Amino acid sequence: MKERTAKNVHMAWTGEAKAHQRLLAFARKAEEEELPQIAKLFRAVAASQGVHAGRHFKLLEAVSDTQSNLERAFQMEKTVNGVYYPQMIVEAEEDEEKAAALVFSQARDVEGEHVKLYKKALESMMSDEEETNDYWLCTICGHLHNGKPSERCPICNAPPEKFIEID
């Protein structure tokens, strides 16, 4: 793909992925405000934007075989965890933005967990041992728990009822 088109595809992918997430947040707010039809509209358009994002991502040829995808995800998480979030935390603290520093710190900690999960998956894949895990997501900070949690989130202290099972 030529450079200009690749840049445009990447920009389109980024925009569609952001729109997908933004519209899901709008849908949650509409649900809170007891506007189910508007929430449904936001979810429908979000799903459409998700299709667009997926198609753009595929054009970027950013999906490879599973082992390569795991290796890439592992490296990306290590960078986010070890480079980007630490810098964001320092800058938020310098700006006296305590809420942002807390969110960045929690995200950094969760990204560190992702690194471990990817590493474990890679090791399992290389040894041809398939591992079975039931992942539960903390809807507050993004922590992933193996199995239904019975205690508070180790990252943000959310109660077990704030976790949802990931299929």
Being part of a helix (DSSP H, G or I), modelled with pLDDT of 95 or more and among the acidic types (Asp, Glu): is that true of Glu93 here?
yes
Residue in segment 98-120 that is within 20 Å of Glu165 (Cβ to Cβ), at pLDDT below 90 and of a type in the set (Asp, Glu) present:
no
Are there any pairs with C-beta distances below 7 angstrom linking a residue in segment 70-90 that is acidic (Asp, Glu) to a residue that is in a helix (DSSP H, G or I), with the two at least 6 apart or on different chains, and if so which?
Glu71/Leu122; Glu77/Glu111; Glu77/His114; Glu77/Val115; Glu77/Tyr118
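Conditions (1) surrounded by 15 or more Cβ atoms within 10 Å (Cβ to Cβ); (2) within 16 Å of Ala12 (Cβ to Cβ); (3) of a type in the set (Gly, Ala, Ser); (4) touching a helix residue (DSSP H, G or I) at 6+ places or on another chain (Cβ under 7 Å), marked per residue:
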| residue | (1), (2), (3), (4) |
| --- | --- |
| Ala44 | no, no, yes, no |
| Ala53 | yes, yes, yes, yes |
| Lys58 | no, yes, no, no |
| Asp65 | no, no, no, no |
| Leu70 | yes, no, no, yes |
Odd one out for Ala30, checked against (1) at pLDDT 95 or above; (2) assigned to a helix (DSSP H, G or I); (3) exposed (fewer than 15 other Cβ atoms within 10 Å of the Cβ):
(3)
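If you check Gln21, Gln49, Gln37, which single one turns out to be in contact with a Leu (Cβ under 9 Å, 6 or more places away or on another chain), without any contact (Cβ under 8 Å) to a residue 40 or more places away in the chain and in a helix (DSSP H, G or I)? Write out each step before concluding.
Details: Gln21 fails: in contact with a Leu (Cβ under 9 Å, 6 or more places away or on another chain); Gln37 fails: in contact with a Leu (Cβ under 9 Å, 6 or more places away or on another chain).
Testing whether each residue is in contact with a Leu (Cβ under 9 Å, 6 or more places away or on another chain), without any contact (Cβ under 8 Å) to a residue 40 or more places away in the chain and in a helix (DSSP H, G or I) leaves just Gln49.
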Determine whether segment 109-125 contains at least one residue that is closer than 30 Å to Glu3 by Cβ and either of a type outside the set (Ser, Thr, Tyr) or more than 16 Å from the chain's Cα centre (by Cα) (or both).
no
Tally time: how many residues in segment 112-167 are assigned to a helix (DSSP H, G or I) and touching a Leu at 6+ places or on another chain (Cβ under 6 Å)?
3
Take segment 119-159 and flag every residue that is free of Cβ contacts under 8 Å to residues at least 24 places away in the same chain and either buried (at least 16 other Cβ atoms within 10 Å of the Cβ) or of a type in the set (Lys, Arg) (or both).
Lys120, His145, Lys148, Pro149, Arg152, Cys153, Ala158
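The values are calculated or read from the model by the stated rules, or taken from the named source; none is laboratory data. Keep in mind the model is a prediction, meaning the values are calculated, not measured. Heads up, the Cβs are rebuilt from the backbone with ideal geometry, glycines too, and the neighbour counts pull from every protein chain shown.
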